[in-house]
1. Are there any pairs, at least 6 apart or on different chains, whose C-beta atoms fall under 6 Å, with the first in segment 3-15 and farther than 12 Å from THR150 by Cβ and modelled with pLDDT under 95 and the second among the basic types (Lys, Arg) and surrounded by fewer than 16 Cβ atoms within 10 Å (Cβ to Cβ), and if so, which?
2. Going through segment 64-87 one residue at a time, which ones are in contact with a Leu (Cβ under 8 Å, 6 or more places away or on another chain), hydrophobic (A, V, I, L, M, F, W, C) and over 27 Å from ARG123 (Cα atoms)?
3. Residue under question is PHE103, and the condition is that it be outside any helix (DSSP H, G or I), in contact with a Gly (Cβ under 9 Å, 6 or more places away or on another chain) and more than 14 Å from VAL44 (Cβ to Cβ); does it hold?
4. Looking only at segment 125-152, count every residue that is touching a residue at least 24 places away in the same chain (Cβ under 8 Å), over 29 Å from THR50 (Cβ atoms) and part of a helix (DSSP H, G or I) and tell me the total.
5. Could you run through segment 74-89 and say how many residues are in contact (Cβ under 8 Å) with a residue 12 or more places away in the chain and within 27 Å of LEU115 (Cα to Cα)?
6. Pick out the one residue from ASP71, ASP155, ASP122 that is in a helix (DSSP H, G or I), of a type in the set (Asp, Glu), free of Cβ contacts under 8 Å to residues at least 40 places away in the same chain and surrounded by fewer than 16 Cβ atoms within 10 Å (Cβ to Cβ).
7. Does any residue of segment 165-175 turn out to be touching a Phe, Trp or Tyr at 6+ places or on another chain (Cβ under 8 Å) and either buried (at least 17 other Cβ atoms within 10 Å of the Cβ) or within 30 Å of GLU24 (Cα to Cα) (or both)?
Amino acid sequence: MFEDYLEDARDLASRARQASAEREAKRYYRASVFYAVGAIEAFVNYVGDTFAQGGSLQPYEVAFLTDRKFDVVGARFEILEEPEYHRVEDKLKFVISKFIPTFDFQKTASWSRLLSLKRFRDRITHPRGEEDEVPVPDYERTIRSGLSSTIEIMDLLCKGIFRRPLRKKLLDLRP
């Protein structure tokens, strides 16, 4: 699913750039931002599900990635049926730290740009005012850097976890 979301985010951003009216451009940009963030969330879910099937992580690590609650029962961990949701950036930090130990969260531009995209998505998802006061160039700049960063982070994780890069078709979606 994350692949479709990446393609949709790119397509919607392209439509926004071609729009003749500001309202139409913002409509496409908003959707593009939602799809870009949805893509990284779907990717993290894909990674979690892969580990759930593969058995290569500890059960509590899989529970964390798949939003399952776990508890200590006696001397062992027990995965519970009830959900316990975790922030996508926390899940990403975990898998990046585990599979790309040299990754520097403070110095890697793609990480800070990805977080900026997520904050921007949160801002337009939960607006304070009645009107969308975000200028069109801010949308353009945010989705351009955010989509590129999303793809870069996914590619790094694919190389670190699966020992192969993200598919070329997806790498080519970078603006």
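The values are calculated or read from the model by the stated rules, or taken from the named source; none is laboratory data. None of the values given here were measured: they were computed from a predicted structure. Reconstructed Cβ throughout: ideal geometry from the backbone, glycine too, with neighbour counts over all protein chains shown.
1. From segment 3-15, no pairs qualify.
2. PHE70
3. So PHE103 fits the description; yes.
4. Final tally of qualifying residues: 5.
5. Final tally of qualifying residues: 6.
6. Details: ASP71 fails: in a helix (DSSP H, G or I); ASP155 fails: surrounded by fewer than 16 Cβ atoms within 10 Å (Cβ to Cβ).
After applying the criteria, what remains is ASP122.
7. No - not one qualifying residue is present in segment 165-175.
Every residue, every condition in (1) modelled with pLDDT under 95; (2) basic (Lys, Arg); (3) surrounded by fewer than 18 Cβ atoms within 10 Å (Cβ to Cβ), yes or no:
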position: ALA25; (1), (2), (3): no, no, no
position: VAL33; (1), (2), (3): no, no, no
position: TYR46; (1), (2), (3): no, no, yes
position: PRO59; (1), (2), (3): yes, no, yes
position: PHE64; (1), (2), (3): yes, no, no
position: ARG76; (1), (2), (3): yes, yes, yes
position: PRO83; (1), (2), (3): yes, no, yes
position: LYS93; (1), (2), (3): no, yes, yes
